[in-house]
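Peer 1: Next up is a structure, given as structure tokens.
The values are calculated or read from the model by the stated rules, or taken from the named source; none is laboratory data. Just so it is clear, the structure is predicted and the values come from calculations on it, not from any experiment. Note that each Cβ is placed from the backbone with ideal geometry, even for glycine, and that neighbours are counted across all protein chains shown.
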Amino acid sequence: MGRNPSRWPAQRRHAPGMPKRSESLLDHVALTRLLKSQDGVVSRRQLLACRASRADVRRLLARGELHVLHPGVYVGHNGIPTRGQRQWAAVLACAPAALHRESALEAHGMTRDRVHQTRGGQDTIHLVVDSSRRLAPPPGVTVERVADATSWIHENRRPPRAQLDFALLKTAAARDEAGAIALISDAVHQGLTTAERLKEVIARLPRLRQRATLSEVLADVASGARSVLERRYLLHVERAHGLPAGERQVREVTGSGVVVRDVRYGTERTLVELDGAFGHRDTQDRWSDLQRDLDAVVTDHLTLRPGWFQVLEPCRLAALVGEVLRRRGWTGVATPCGPGCTVGDGGGTGRT
């Protein structure tokens, strides 16, 4: 008994040469190229630009070829996304957007003296968008809205990111004084920027937090590797507390070569080497420091190595340095710099 033709599925007509509805128009070559250029991450908008239909997207997800990272953003595996993939996902989820602050510095190749803000146990991805935008970023992503954002963004970089000088100053402005100085100094010393370039950028940011302080820091960084720290020690530790005047930038010929001492108290045979590195130190730096200290021992010199944390507590450091100098022959005494100064009240030195 034959089938009732009235129960057969209706045949849908299509124009000659056009694919049937079941045939996909997805440009797999373009999609593969896109995934490769974006660390395996793609957005729904980009899929549609590759001629994917909604059915294609559902099919890719069902087959496990794509997995959801954020609403409308996918990655080509089901494992834990890498940091680079999380950065791409954040940029695509908030597009048009660009990496900013610590995230931009990392993308530009800055690897030292960065403070990673965390949220929920994961490093936060920082983005910048135009001030006209209103959006709710996905979890783990923070967004800063900036007027005329496109003027501060490298849109042709992969992924898009804020210009290094802009991201650096914004990051420094959000830190305390020691952290800001360390960040800017480190960027200059790594060759990523110059103090002159940063001064030009800061002139375009009249509302930048800590602008006056950062401008002063940039002027000092431009004059030498650790000039900021050296000046702070001279003014707030040595002079403010009546310590003897040390000799600065003293060149010495040692068994291992010529070295330059930051501060030397000759009569007391004491050296102060101001450690401008903030946080991590390279292994080579440590060997160099050790060799310099050994060279000092040969000439019966004691070496003190205060860093930023110590110099930013000038009264406490002055009391300690004063005690060392007294024990090595100085006949003077450290004096308080003003009301509330801990020098002279015990100050943790055990002075008699």
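Peer 1: Hey, can you tell me all the residues within the range 256-269 that are surrounded by fewer than 14 Cβ atoms within 10 Å (Cβ to Cβ), under 17 Å from Leu302 (Cα atoms) and out of contact with any strand residue (DSSP E or B) (no Cβ under 8 Å at 6 or more places or on another chain)?
Peer 2: Thr267
Peer 1: Right, next: Pairs needed: first member in the range 216-237, more than 17 Å from Leu320 (Cα to Cα) and among the acidic types (Asp, Glu); second member anywhere, modelled with pLDDT of 75 or more and part of a helix (DSSP H, G or I); C-beta distance under 7 Å; at least 6 residues apart or different chains.
Peer 2: Taking only residues 6 or more apart or on different chains, the pairs are Asp220/Arg231.
Peer 1: Please tell me if Gly340 is closer than 16 Å to Ala240 by Cα, at pLDDT below 85 and not assigned by TED's automatic domain parsing to the domain that holds Gly257.
Peer 2: no
Peer 1: May I pose another question? Please note which strands (runs of 3 or more DSSP E) are completely contained in the range 1-101 and include at least 1 residues that are modelled with pLDDT of 90 or more and touching a Pro at 6+ places or on another chain (Cβ under 7 Å).
Peer 2: Fully inside the range 1-101 and qualifying: 67-70, 73-75.
Peer 1: Quick check on my filter: what residues within the range 45-66 are closer than 14 Å to Trp88 by Cβ and surrounded by 13 or more Cβ atoms within 10 Å (Cβ to Cβ)?
Peer 2: Gln46, Leu66
Peer 1: Out of the helices (runs of 4 or more DSSP H) lying entirely within the range 164-273, which hold 1 or more residues that are among the basic types (Lys, Arg)?
Peer 2: Answer list for the range 164-273: 164-173, 195-202, 211-221, 227-232.
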